[in-house]
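Each remark here refers to the structure printed beneath this line.
The values are calculated or read from the model by the stated rules, or taken from the named source; none is laboratory data. From a predicted model like this one, the values you see are computed outputs, not experimental measurements. Glycine also receives a Cβ, built like all others from the backbone with ideal geometry; neighbour counts cover every protein chain displayed.
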Amino acid sequence: MIADGAMRLKNVAMLKMAALHARAFESVRLAPLYDTLTTRVFPELHNDRMALKLAEKDNQLRWADFETCTPTIDLPLRKAR
């Protein structure tokens, strides 16, 4: 169901919803999806790694890992939060 184009059915994604810190998805919604590269959307791929590293990590990223990268893109930390 993922491709690019003009809002046809193929431009709609299934968005699994879960509460913060939940261990399971609670519902599924349809959401528009454009110009997107699909990465790590399936929890069962827990051993899968990202192709590019962020803050020297390719898995189990935390907010602090993103914070360390804000100077690289000249983004003040207060705006990133």
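Kindly provide the set of residues from the stretch 60-81 that are part of a loop (DSSP other than H, G, I, E, B), within 19 Å of the chain's Cα centre (by Cα) and loosely packed, with under 12 Cβ neighbours inside 10 Å, ordered by number.
Applying the first criterion (part of a loop (DSSP other than H, G, I, E, B)) to the stretch 60-81 yields 60-62, 68-69, 74-76, 81.
Add one more test, that the residue is within 19 Å of the chain's Cα centre (by Cα), and what stays is 60-62, 68-69, 81.
Scanning the stretch 60-81 gives Q60, R62, R81.
Residues A18, A51, A13: which one is touching a Ser or Thr at 6+ places or on another chain (Cβ under 9 Å) and at pLDDT 80 or above? Criteria check complete, one pass: A18.
Apart from one condition, K57 fits all of (1) surrounded by 10 or more Cβ atoms within 10 Å (Cβ to Cβ); (2) at pLDDT below 85; the exception is (2).
List pairs: first in the stretch 9-31 and under 21 Å from R62 (Cβ atoms), second in a loop (DSSP other than H, G, I, E, B) and at pLDDT 85 or above, Cβ under 6 Å, 6+ apart or cross-chain? Between residues of the stretch 9-31 that are under 21 Å from R62 (Cβ atoms) and residues that are in a loop (DSSP other than H, G, I, E, B) and at pLDDT 85 or above, the close pairs are A18/F25; A18/E26.
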